[in-house]
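Here is the structure we will look at.
The values are calculated or read from the model by the stated rules, or taken from the named source; none is laboratory data. Since the structure is predicted, the reported quantities are computational estimates derived from the model, not experimental observations. Don't worry about glycine lacking a Cβ; one is built from the backbone with ideal geometry, like all the others, and counts go over all protein chains shown.
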Amino acid sequence: MLLPKKKPSAVIGIDTGVKTGFAKWIPAENKLTVIMTYSIDWAMLVVKDNALFYDFDILVRVEDARQANYGRQNDAHRARGAGSVMRDAKIWQDFLTREKIPFEMVRPRKQFTKWPADVFNRFTGWKGRTTSHGRDAAMLVYGY
């Protein structure tokens, strides 16, 4: 974990997985400005580009499935891909550490994941289309 020394100019949320959720929150404007879904390699390029744009005055919050305390108890859960999401969290941690981009690994919270689009839009005021991955990433940064 590498945290910024002051309130960051931008906070980026990452929902790990084959389809990587990406969201950007601008604290000064108190709003979400981007919610997207990318491949992991493209998401890393976008994060690095944002870090350079904001002169590393950002914080990346990555959902870390390794810290989950629900749903990991059975083999069926791992067979559905939980192991790869855990591996992706480690890949993100290594990438952000190597690039010296401020980040924190965040424990998944069941009550803030997998919201239907209409509920998410009412809660956040977001008007655009989203995927479940993008919404999960947005909930990591919303209101930061």
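Can Lys6 be described as surrounded by 14 or more Cβ atoms within 10 Å (Cβ to Cβ) and of a type outside the set (A, V, I, L, M)? Outline the logic, then answer.
Numbers: surrounded by 14 or more Cβ atoms within 10 Å (Cβ to Cβ): no; of a type outside the set (A, V, I, L, M): yes.
In short, no.
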Within the bounds of the stretch 125-140, is there any residue that is more than 14 Å from the chain's Cα centre (by Cα) and among the small types (Gly, Ala, Ser)?
-> yes
Number of positions in the stretch 29-51 that are without any contact (Cβ under 8 Å) to a residue 24 or more places away in the chain, surrounded by 16 or more Cβ atoms within 10 Å (Cβ to Cβ) and not hydroxyl-bearing (Ser, Thr, Tyr) | 1
When the stretch 128-144 is checked residue by residue, the ones that are under 17 Å from Gly17 (Cβ atoms) and either assigned to a loop (DSSP other than H, G, I, E, B) or of a type in the set (Asp, Glu) (or both) are Thr130, Thr131, Asp136
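Scan the stretch 1-51 for residues that are among the acidic types (Asp, Glu) and in a loop (DSSP other than H, G, I, E, B) and jot them down.
Let us first name the residues in the stretch 1-51 that are among the acidic types (Asp, Glu), namely 15, 29, 41, 49.
Hit for the stretch 1-51 is Glu29, nothing else.
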Since Ile26 meets every condition but one in (1) crowded, with 19+ Cβ neighbours inside 10 Å; (2) under 16 Å from Phe103 (Cα atoms); (3) at pLDDT 95 or above, which condition does it not meet?
-> (1)
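Being out of contact with any Ser or Thr (no Cβ under 6 Å at 6 or more places or on another chain) and within 25 Å of Arg109 (Cα to Cα) is the requirement here; does Lys48 meet it?
On the way: out of contact with any Ser or Thr (no Cβ under 6 Å at 6 or more places or on another chain): yes; within 25 Å of Arg109 (Cα to Cα): no.
So Lys48 does not fit the description; no.
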Any residue in the stretch 52-65 that is part of a helix (DSSP H, G or I), over 19 Å from Gly134 (Cβ atoms) and modelled with pLDDT of 95 or more?
-> yes
Among the residues of the stretch 101-127 satisfying the criterion of being in contact with a strand residue (DSSP E or B) (Cβ under 7 Å, 6 or more places away or on another chain) and in a loop (DSSP other than H, G, I, E, B), which is farthest from Ser9 (Cα to Cα)?
-> Pro108
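Among the residues of the stretch 120-136, is there at least one that is out of contact with any Cys (no Cβ under 6 Å at 6 or more places or on another chain), modelled with pLDDT under 80 and of a type in the set (D, E, K, R)?
Pass one, the stretch 120-136, residues out of contact with any Cys (no Cβ under 6 Å at 6 or more places or on another chain): 120-136.
Those still in the list that are modelled with pLDDT under 80 too: none.
No; the residues of the stretch 120-136 include none that is out of contact with any Cys (no Cβ under 6 Å at 6 or more places or on another chain), modelled with pLDDT under 80 and of a type in the set (D, E, K, R).
Is it true that some residue in the stretch 6-22 is over 17 Å from Ile91 (Cβ atoms), aromatic (Phe, Trp, Tyr), touching a Phe, Trp or Tyr at 6+ places or on another chain (Cβ under 9 Å) and modelled with pLDDT of 95 or more?
Here is the first cut: in the stretch 6-22, the ones over 17 Å from Ile91 (Cβ atoms) are 6-11.
Subsequent filtering for residues that are aromatic (Phe, Trp, Tyr) retains none.
No: zero hits.
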Answer residue from the stretch 90-113, given it is acidic (Asp, Glu) and in contact (Cβ under 8 Å) with a residue 40 or more places away in the chain and is farthest from Val62 (Cα to Cα) among those | Glu99
Among residues belonging to the stretch 52-68 that are touching a strand residue (DSSP E or B) at 6+ places or on another chain (Cβ under 6 Å) and farther than 21 Å from Arg109 by Cβ, point out the one that is surrounded by the fewest Cβ atoms within 10 Å (Cβ to Cβ).
-> Tyr54
